[in-house]
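The values are calculated or read from the model by the stated rules, or taken from the named source; none is laboratory data. This structure is a prediction, so every number in the text was calculated from the model and none was measured. SASA here: full protein model, heavy atoms, side chains in, ligands and nucleic acids out. Shrake-Rupley method; radii C 1.70, N 1.55, O 1.52, S 1.80 Å.
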Amino acid sequence: MASVEKEPGDDVTQVTKKREYKEFGHDEVEGTKALVDMSTIELKAEDLYDREKVDLETIVIEDVFKLLQCDENGLTQSEVERRLGLFGPNKIEVEEQNAFLQFLSFMWNPLSWVMEAAALVSIALSNGEGQPPDWEDFVGIVLLLLVNSGIGFYEERNAGNAVKALMDSLAPKAKVRRDGNWIEIEAANLVPGDMISFKIGDIVPADCRLTEAINVSIDQAALTGESLPVNKNAADQCLSGSTCKQGEAEGVVISTGANTFFGRAASLVGQDDDTTGHLQKILAQIGSFCLVTIGIFVLAEIFVLYAGFRYRYRRGLDNILVLLIGGIPIAMPTVLSVTLAVGAQQLAKYKAIVTRITAIEELAGVTILCSDKTGTLTTNKLTIDRATIRTYGPFSAEDVILLAAYASRTENQDAIDASVIQALGDPARARAGIKLLDFKPFNPVDKRTEITYREESTGKLKRVTKGMTSKIIDLCSRNKTEDVENRLEADVVEFASRGLRSLAVAYEEVDGDDPEAEGNGLELIGLLSIHDPPREDTKQTIDDAIALGVRVKMVTGDQLAIAKETGRRLGLGDHMYPAKVLKDGPAPDSKHATLDDMIMDADGFAGVFPEHKYEIVRRLQALGHLCAMTGDGANDAPALSRANVGIAVEGATDAARGAADIVLTEPGLSTIVHAIRQSRIIFQRMRNYSIYACAVTIRIVVAFAILAFTYKLDFPPFMILIIALLNDGTIMTLSVDRVLPSMTPDSWDLAEIFSFAVAYGIYLTASTVALVVIILETNFFQDKFGVTLEPFTPAANNPQLHMILYLQVAIISQALIFVTRSHGFFFMERPSTALMVAFCIAQLISSIIAGFGDWGFTKIHSISGGWIGIVWVWNIVWFIPLDWIKFAMKATVIKSLRERREAKVAAEAARGKVPITRTQSRAASIHESMYSNRVSFIRRAANRVGLGKVSVKPEELQRFGSIQAQRVGATLARNPSRTA
């Protein structure tokens, strides 16, 4: 398009080509009219939810006032009170749970149910046949349950509440016009229709539409992920929780509390509270294995002992109690909790605070790390990119930066001025050697700054201006040739394609001493590019994560060009998509058949809103991946909450910290690599314990069932309880055991765990049964070692035999942990000092009990030192082959399982399916949900008995324009003002 322009300093009119510089920025949206009759305001539901008729983000401001029934003089106090009753306070309600019921919820899972049943058996069902209740077993079982629930309750109550953090991050104060006067109130008392004002440094207290805006720039990075402050004009929308970086404004509140953009971001935080976490699901499956094993042998004992042997009622119950108490790994949640808690303390050394300790286990299996860009991968601080500075005159790049710094504020700076001053290195240079005569700050019309100064060394007056490229080049007259304009246009297009903001700089000299006089013509001297640079350690962190088998994807609210440029600089790649593909799906000619394929293949996504981040994480989890998410803003909170592991980086908002599972307290992401390695160490400890616990269940249940069937042996339940207590005390030290982390993501291969457990359990069962057979069927030990047993009929229920059996089971069961914790021979991997000391103390206690225990309430009697020595030697002989059993299992059964699994994955990949290699999270079955610490049953009970706080669940995160403000209009229409 040609136009006639008169250049400054020219006496002739010339025809020039008006260039359109495609600079990087935001598209402006023109106001629209609501396609409804605004004179009645009685909108129907179909009108309120139809964006084609009403969109409070874009309709003209006059219609906003009509819809919300207010004006620029503000609301009256009586109307405010009415609206507070309709819409509630401008804060996010916190859902609280009764502490007592929360404590009880930790006893609500099948493992606890079996132990609770055992307690009832010992205290109620055992009361009969002239014998008192089994108080000793009852007290011991209840003590185990209380300790386990107490630890879980303590962790839960101290984990913090994400929604409370979101609420606390709302602006505490607000300036509002009420009854025609400006006053300061608590931000929680704002209502839709209020007139508010804010200035530089203030936090916007509620979603609003601006009525007046004087040079306003808003930082909404924590909400939308945009790294650059956004200029706002009258009629624009400002979001609650954003920060005013420049200027001052007035506006009308369109939504408050949970209905704001900020509040909707909070709505998904904690949404999954009623589902089962990953570790709970694993516990459910391990618990099911133990329950099935116990159930089979309990049923067998019922048939054999009662139907076959015609046992009396009480005698049979004692045998069943042995299986229940000895077989259930009731301390498993407690042992794993202690292991995780110690791991959390170790992570704190790397400046990582763990707010949900089960996240440590999930971090070990994370295969994909989704990371926000702004403030996480980058510094969230605008910077001049020196490597890309373009010059168009006799000035060097350093000269251009210095002159641009002259044309910048040195106090009360906006983000761009601050970046230019910072580029100097020494801020004092921005005014060194010059005398300021006149300064014109940035304004939305001129879109540039200008300084006129006297150079002290020469005494000459000079002028520099910097700003939007199209504005600056229009002012230039001295060197605006076709060649310069072509170069400038090409440079601006290149910067825009790379997501860099252009900042043009021009210079002229002024004759005379009048700072307001015209100069000799502005000359374009340079073009600066501004960007949000990556953190120094980010690239190394990403490389380290990839080396550990974790794939990194960028998920940012910033624009696509910026995301691609950041991806290239970090080595992530620039294969990224805009957020709209998450709704539209892959294009018809795309190489991706499904949206899931596209998400897996992408290096990242740009222009996303909170619900997009949430959806990406959800889909990755549905594909079988354990997903971690890093972020720093309120817009990241839903995804941080949804992810298996949410990580809030240093400097994150309260919203992000509250929703995250791990909070970093030092800048950068390098701590994440330390956390991944540490979590894999913790995972190995838990896996070792799981094999051990399942093996002990099998050896106790199978061994004592066989002895009961073969010799009618009635082992005292209380001694099984002692074994369980000593074992659990020793196993607690696994939390600090020495293990090596794996170099690939860990996963719970339960088939391998159960296979090892069965092999170990059957072998240890053989060691126990063989010892009893030799003692009862032969006189081998009596003849060879001169030991004796006091006569007792029947011999199988000799109290001394029970003590021998107790000692044998106690010693070799604990010794098994040295085999399960090692990958090679047990003596090749040194255990921790704590484990060795605990083992020795437990065995000393067991030996002392064997030598001196003579308790009348249970069927045991002390044995001689000779028998104690025989048991120790017997266990040592049987312990040595355990390593060979482990090696044999790896070479046969385990190898076969892995080959079968790999073949299945390959077959699925050949059919074009995405193989599910990880246990899906956040999608629990009915059975698995029983292991949730916050079960729906407990919550319903709390509400029914009046102990819980009844609250409305937050809606799913949606962003249908300004639907929350439309609801305000609908509510007001249904409840007209009493004064109207």
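For the range 516-671, please report how many Lys pairs fall under 19 Å Cα to Cα, leaving out neighbours fewer than 8 apart on the same chain.
12
Using θ = phi - 60° and the Karplus curve 6.51 cos²θ - 1.76 cosθ + 1.60, what whole-Hz ³J(HN,Hα) does each residue of the range 837-842 get, with Gly and Pro shown as x?
5, 5, 4, 5, 5, 4
Regarding the range 606-716, what whole-number volume in Å³ per residue does the convex hull of its Cα atoms give? It would help to have the intermediate numbers written out before the result.
Working: hull volume 17.9 nm³, N = 111.
Per residue, the Cα convex hull of the range 606-716 comes to 162 Å³.
Kirkwood hydrodynamic radius of the range 704-748 from all distinct Cα pairs, in Å? Let's see the in-between values first.
Working: mean 1/r = 0.0706 Å⁻¹.
Taking the inverse mean of 1/r over all distinct Cα pairs, the range 704-748 comes out at 14.2 Å.
Would you mind computing the Rg to Rh ratio of the range 568-653 from its alpha-carbon coordinates, Kirkwood style for Rh? Mind showing how you got there, number by number?
Values: Rg = 13.3 Å, Rh = 13.7 Å.
With Rg and the Kirkwood Rh in hand, the quotient comes to 0.97.
For the range 330-379, just list the percent of Cα-Cα distances falling in each 5 Å bin from zero outward, please.
All Cα pairs considered, the percentages come to 5, 17, 19, 22, 19, 10, 5, 3, 1, 0.
Can you give me the long-range amide H partners of Ile218? Hydrogens built in the peptide plane at 1.01 Å from N, cutoff under 5 Å, separation of 5 or more residues or another chain.
Val230, Asn231, Lys232, Lys245
In whole Hz and in residue order, list the ³J(HN,Hα) couplings for the range 82-87 that follow from phi through the Karplus curve 6.51 cos²θ - 1.76 cosθ + 1.60, θ = phi - 60°; x for Gly and Pro.
5, 6, 4, x, 7, 9
Ratio of Rg to Rh for the range 678-780, alpha carbon only, Kirkwood?
Result: Rg/Rh = 1.08.
Tell me which residues come under 5 Å, amide H to amide H, from Ser242 once H is placed; ignore anything under 5 positions away on its chain.
Val204
Which ³J(HN,Hα) values in Hz, rounded to whole numbers, follow from the phi angles of the range 411-426 under the Karplus curve 6.51 cos²θ - 1.76 cosθ + 1.60, where θ = phi - 60° and Gly and Pro get x?
9, 6, 7, 8, 5, 6, 4, 5, 5, 5, 4, 4, 5, 5, x, 10
Determine the gain in length on full extension of the stretch Ile880-Ser742; use 0.36 nm per residue of separation and subtract their C-alpha separation, reporting nm with one decimal.
Fully extending the segment from Ile880 to Ser742 adds 47.0 nm.
Heavy atoms of the protein only, probe of 1.4 Å, neighbouring chains included. What is the accessible area of Ser832 in Å², nearest 10?
For Ser832, solvent-accessible area is about 10 Å².
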